[in-house]
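These notes concern the structure reproduced below.
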Amino acid sequence: MKHIAICENHLFSKTYAKGSKFICKDLVVYVLKDLKAFKLMKDNPKKAYVNRVGITVSKKLGGAVVRNRVKRILREGLRQAEKDYNLKKGYLVVLVARNSAVSAKSDIIKKEIIHAMRVLKMINDEKNI
């Protein structure tokens, strides 16, 4: 299922201020319990909780092509983490790219996202892969 994007600036600010964070080499992961999760669950056709995801890539990292590439890699890493591990639902998740994310490979980004989710206690049941 596609992620629901965080579009409002106040949700980014709230997640930065009140959320738990974990800093990796290539990215920073912020997680905060979503207060609107129940309403989104009722509106969802599958009647399941979902995470709302926001991705931030600064203009300092490069031009539009570079920033979009980094966003695609971060989005795919999160998608793979959700597929391989049972992530908790009903949270606001914000991924912030750091300078070294530009040259990082997608498998390294995926491993960092999984490690961050494990430290932030976002993984319910680990599957042995």
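The values are calculated or read from the model by the stated rules, or taken from the named source; none is laboratory data. Note that this is a predicted model, so its numbers are computed, not measured. All Cβ positions, even for glycine, are placed from backbone atoms using ideal geometry, and neighbour counts span all protein chains on display.
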* **Filter result for F38 (over 16 Å from the mean Cα position of the chain (by Cα) and of a type in the set (F, W, Y))** => yes
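Does the stretch 32-53 hold any residues that are more than 22 Å from K121 (Cβ to Cβ) and either touching a residue at least 12 places away in the same chain (Cβ under 8 Å) or assigned to a loop (DSSP other than H, G, I, E, B) (or both), and which are they? Can you show your working first?
At the first step, the residues of the stretch 32-53 found to be more than 22 Å from K121 (Cβ to Cβ) are 39, 42-47.
Listed by number, the residues that qualify are N44, P45, K46, K47.
Here is a yes/no grid of residues against (1) at pLDDT below 95; (2) outside any helix (DSSP H, G or I):
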{"residue": "K2", "(1), (2)": "yes, yes"}
{"residue": "Y30", "(1), (2)": "no, yes"}
{"residue": "I55", "(1), (2)": "no, yes"}
{"residue": "A81", "(1), (2)": "yes, no"}
{"residue": "V94", "(1), (2)": "no, yes"}
{"residue": "H115", "(1), (2)": "no, no"}
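For the stretch 59-66, does any single residue satisfy the condition of being of a type in the set (G, A, S) and within 18 Å of the chain's Cα centre (by Cα)?
No, because not a single residue in the stretch 59-66 is of a type in the set (G, A, S) and within 18 Å of the chain's Cα centre (by Cα).
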* Scan the stretch 57-72 and report the pairs whose first residue is more than 15 Å from D26 (Cα to Cα) and exposed (fewer than 12 other Cβ atoms within 10 Å of the Cβ) and whose second residue is modelled with pLDDT of 95 or more and basic (K, R), with Cβ atoms within less than 9 Å and a gap of 6+ or a chain change. => K59/R67
* Hey, does the stretch 75-86 have a residue that's of a type in the set (K, R), surrounded by 16 or more Cβ atoms within 10 Å (Cβ to Cβ) and more than 11 Å from the chain's Cα centre (by Cα)? -> no
* **Conditions (1) small (G, A, S); (2) in contact with a Phe, Trp or Tyr (Cβ under 6 Å, 6 or more places away or on another chain); (3) surrounded by fewer than 19 Cβ atoms within 10 Å (Cβ to Cβ): number failed by S13** => (2)
